[in-house]
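Trainee: I'd like to ask some things about the structure below.
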Amino acid sequence: MRYAFRTLRKSPGFAIVVILTLSFGIGANTAIFSVVDGLLLRPLPYPTSDRLTLLWETETAGELREVSLSVENYQDWRDRNRVFAHLAARNGSRTTLTGGAQAEYVEGSNVTRNFFDALGVQPVLGRGFNAEEDRVGGPPVAIVTSRFFERWFHGDPAALGKTITLDGTAYSVVGVLPAGFRYPLYHGRGEYFLPLGRMPLEGRGSHPGLSGIGALRPGVPLAAARADIARITRELAVEYPASNATAGAGVVWMKDRLMNDVQATLFVLLGAVAFVLLIGCANVANLLLARAAGRRQEMAVRAALGASQSVLVKQLLTESLVLASLAGMLGIALAWAGLRVLVALLPANTPRLNEVALDARALAFVMVASLLTGLAFGLAPALQVARRSLADAIRDSRSRSGESGSRQRGRRYLVVAEVALSLVLLTGAGLLIESFERLLAASPGFRAEQIVSVDFGLPPQRYQRPEKQAAFFNELLERTKAIHGVESAAVANGMFGGLQQPVEFDGRRGDLKNPISTDFALVTPDYFRLLSVPVKRGRPFRDADRMGSPAVCIIDDSMAAAYFPNQDPIGRRVRTGGTEWAEVVGVVGHVKNYGVDQTSRIETYRPVAQVPLSFGSLVIKSAESRTALMAALREEVRRIDADLPMGRLIDVEESVAQGRADKRGATTLLTLFAGIALALAAVGLYGVISYAVTQRTREMGVRLALGAQRRDILTLILAEGARVTALGVVVGLGCASALTRYLKSLLFEVSPFDLRVFVATALLMTTVALAAAFVPAWRATRVDPLAALRNE
């Protein structure tokens, strides 16, 4: 160890280059590992995390669709299954909390009484729900999180049993959950839990947003759970053919479902940084091979003085491990900085993102990565020493003829590997860049510039009658339009998409085996003009389309093309969700409700004035500052209803951009890694060619002395670089064609085998590699024949 440090101190430039090269690879791998570990590898923060599953119903007729559980089907799954220790259910809830300084919206869940048993969590104060409370008409009780209890009751244990008022109903707080408890789905924002059984049954055909949460019995595999739920589903299909004939079921591990959206991205990035580290190792191995060749005399003297091959190998490996350890220490600092960048680039709504940290597991990863890296790049020069006899060492130490052919080939193969790995990363980055450009160019079907929205939920106790609901939204619209800077305003039941409903056309319901589903939105007349959604046929809604007038609807052009081909849909009738038949009065452009890169349904619109609306989004077009607009809007709402809270102001343009930003993060990182890999590969090729030129100085002098032209020398050296590059490109293209298929889930309107991207990246790699080879080749043409021969 002492000798290794002393040797490296004598070559500070070499040591710095190696440490910096490796530290980036180790740091990047550690940062990515910390994210993968925090999101994918660590168990969920529940005692039953290794047995937790999510369950839902599927519609197996026609195109397979996931739908929420019906209450009655859930009860049969719970009572008839043979594999779950606990099978609970929940759905989301959003209510108005009153009783404080001002009303506010809070999010929570309706859950069955065994929900906390399934998670293995119990209240630290009070108790869970009992059977009496978890039934229709049961007493109104609530369990709250410690965050809510601290904020609302200042954490006073004596407050247990006091009430909170949600949507006008007083709920007695019977339990407080442990500090830090979060239900990870739906961003973990829930602050209260109410008994689900208080909801009235709606029939097996209804789907009130329920999801099942099951804790398997110890030792039961997931396949057994799927088989058991499938058995129950078949039984229910026989018993209730009207509602369950085409119903299926889905069962997955909760953790897998939780991270489904980011899992592919993280694994791609993990593979990318591993490639960068491998390229760095190949570069360092080449440097060490060149350095070992320069230390032939030292090794020959050591061998002559009695050093065994094992001693020489141990010395070289020790030096490699010292370099890798120093690189690992620097890599920790780079990982800390890189981790913050990674977290910022991941989608803000990624579950468990707050659990990502550079902890003891990450530090252990750094140690292991450093040791393995040291062995990886130190093995080649060490084995080279081990294979040489003492006579070979002494002969090499006295010779100036250069390296043997086998050692030169070994260094070239390392560069081939670098070029191939770099080309794989370049191709992946090229595909993501092409995909992202198409994503930016894709239209969501509306103009989001200067558009904001605010959600409003009307408490059912005070706004039961449709006339009162309509009056509130009408007055809200009039007051909003009068605010300074507001160009236009409209109301819709959600931005965007609204509800999903079954749809019938002209009195003919779709075949039971091929059900049709539509997005269903309630909007006011100015909605389409405000968002610049084109009316392609017919007319938009009018103020005259109100309660008591003929029911009307507007469909989008995707529905018109699919279900009214080669005919005019204007005047036809459509019915959604079993409501009244409505005449089609217009056809508008299709809106991508779930993001420009996501598949969306056909859509049907009805006027707000004809259908009761208790929850809606106020959509505003305004160039006014968001702070001033929110203050003015809050004042107008207070004048209408002082106890009605407002949702947060959402910038629609930012929301659309955020959907693209989720792809931007992966594209940016992979492009960065590909750029670094390209630079490392170019440096590696430059080093090999440069070293070869140095070793062949005498040869170049002889060639020039015998009449060779300088262009012949340039061609000779460039041909060597071209051969290495060509072999690397061929291998890289083969590897890329095999690996880019794993990018499919990250691509938008781009094939994983896009020929243009493959050709472009191969040309870029070749150009950069030949440029790197040109510098030493040009230097070779400057050799003075007399000086070269005199030095020999």
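Trainee: Rounded to two decimal places and with Rh computed the Kirkwood way over Cα pairs, what is Rg over Rh for the chain?
Mentor: We get a ratio of 1.09 for the chain.
Trainee: To continue, here is another question. Whole-Å semi-axes of region 681-792's equivalent ellipsoid, largest first, each the root of 5 times a Cα gyration tensor eigenvalue?
Mentor: So the equivalent ellipsoid measures 40, 11, 9 Å along its semi-axes.
Trainee: Oh, and also: Beyond 24 Å between alpha-carbons counts as too far, so tell me which of 536/592; 468/536; 621/663; 592/621; 592/663 fall in that bin.
Mentor: Where the Cα-Cα span goes over 24 Å, the pairs concerned are 468/536; 621/663.
Trainee: Take the solvent-accessible surface of the protein heavy atoms, probe 1.4 Å, and return the percent of it on the chain that carbon and sulfur atoms account for.
Mentor: Result for the chain: 57 percent of the exposed heavy-atom area is carbon or sulfur.
Trainee: Right, next: Tell me, in nm to one decimal, what length is gained between residue 437 and residue 307 on full extension, where the rule is 0.36 nm per residue of separation less the Cα-Cα distance? Before the final figure, lay out each step's value.
Mentor: Details: separation 130, 0.36 × 130 = 46.80 nm, distance 6.10 nm.
In short, 40.7 nm is gained.
Trainee: At a Förster distance of 25 Å, what's the computed FRET efficiency of residue 147 paired with residue 462, Cβ-Cβ distance as r, to 0.05? The partial results should precede the final answer.
Mentor: On the way: r = 28 Å, r/R0 = 1.11.
For residue 147 and residue 462, the calculated efficiency is 0.35.
Trainee: I'd like the FRET efficiency for residue 349 and residue 17, computed as 1/(1 + (r/R0)^6) with the beta carbon distance as r and R0 of 56 Å, rounded to 0.05. Intermediate results must be reported in sequence, preceding the final value.
Mentor: On the way: r = 42 Å, r/R0 = 0.74.
It comes out at approximately 0.85.
Trainee: Could you give the accessible area per residue of region 1-126, probe 1.4 Å, as a whole number in Å²?
Mentor: 41 Å²
Trainee: Using a 7 Å offset from the Cα along the Cα-to-Cβ direction at both residue 744 and residue 481, what is the distance between the two label points in nm, to one decimal?
Mentor: About 5.1 nm separates the two model spin labels.
Trainee: How much length is gained if the chain between residue 779 and residue 75 is pulled fully straight, taking 0.36 nm per residue apart and subtracting their Cα-Cα distance, in nm to one decimal? Can you show the working numbers first?
Mentor: Details: separation 704, 0.36 × 704 = 253.44 nm, distance 8.09 nm.
Using 0.36 nm per residue and subtracting the Cα-Cα distance, I get 245.4 nm.
Trainee: At what distance in nm do the modelled label points of residue 9 and residue 664 sit from each other, each positioned 7 Å from its Cα along Cα→Cβ?
Mentor: 5.0 nm
Trainee: A further question follows. Which three semi-axes in whole Å describe the equivalent ellipsoid of region 290-350, each the square root of 5 times a Cα gyration tensor eigenvalue, listed largest first?
Mentor: 44, 10, 8
Trainee: Where in region 1-83 are there trypsin sites (Lys or Arg not before Pro) that are in a DSSP coil and have at most 15 other Cβ atoms within 10 angstrom of their Cβ?
Mentor: Numbers: sites: 2, 6, 9, 10, 51, 65, 78, 80, 82; in loops: 10, 82.
Sites meeting the loop and neighbour criteria: 10, 82.
Trainee: Is region 560-609 rounded, prolate or oblate when judged by the Cα gyration tensor, a ≥ b ≥ c being the square roots of its eigenvalues, rounded requiring a/c under 1.5 and prolate requiring a/b larger than b/c?
Mentor: Oblate, because a/c is 1.5 or more while a/b does not exceed b/c.
Trainee: What accessible area per residue comes out for region 518-651, rounded to a whole number of Å², with a 1.4 Å probe?
Mentor: 43 Å²
Trainee: Give the distance, in whole Å, between the Cα centre of region 613-667 and the Cα centre of region 1-25.
Mentor: Using only Cα atoms to place each centre, the spacing works out to 56 Å.
Trainee: Would you mind calculating the gained length between residue 755 and residue 450 on full extension (0.36 nm times residue separation, minus the Cα-Cα distance), in nm to one decimal?
Mentor: Full extension of this stretch gives 105.9 nm more.
Trainee: Using 7 Å Cα-to-Cβ label points, what is the residue 715/residue 542 separation (nm, one decimal)?
Mentor: Here the modelled spin labels are 8.4 nm apart.
The values are calculated or read from the model by the stated rules, or taken from the named source; none is laboratory data. Every value quoted in this text rests on a predicted model; they were computed, and no experiment measured them. Cβ atoms come from the backbone with ideal geometry, glycine included; neighbour counts cover every protein chain shown. These area figures cover heavy atoms from the full protein model, side chains too; ligands, DNA and RNA do not enter into them. Shrake-Rupley method; radii C 1.70, N 1.55, O 1.52, S 1.80 Å.
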